Amino acid sequence: MGMTSTSSVEENKWLRPSGDYRALNAVTQPGRLPIPYLHDFNHNLLGRTVFSTLALERAYHQIPVEMFDIETTAICTSFGL
């Protein structure tokens with residue numbers, strides 16, 4: 001069950017695919033745990049002096065998905081899934 005998709009070209013000439021997940025969102029049950037706020041994350045850094053590099057840009061879409069739910073998050077494009 002793939003979702004329909006659209007694509008746009010960003011200013012840096014990268015193709016940005018996006019899926020229409022409205023049908024999936026309508027039947028998705030909310031998670032049991034709240035999503036942490038960025039403000040709370042920043043507050044935890046207050047007074048710290050040693051930091052490691054966080055690849056937040058690459059981790060943005062790295063949300064754990066149950067194996068049997070993976071097919072519902074696929075998007076159909078003109079060049080495949």
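The values are calculated or read from the model by the stated rules, or taken from the named source; none is laboratory data. Since we're looking at a predicted model, the values are computed, not measured. Neighbour counts are summed over all protein chains in view; Cβ atoms, including those assigned to glycine, are modelled from backbone coordinates with ideal geometry.
When restricted to residues that are among the charged types (D, E, K, R) and at pLDDT below 70, the range 35-81 contains 2.
Just one of the numbered conditions (1) surrounded by 10 or more Cβ atoms within 10 Å (Cβ to Cβ); (2) among the β-branched types (Val, Ile, Thr); (3) modelled with pLDDT of 80 or more is not true of residue 6: (3).
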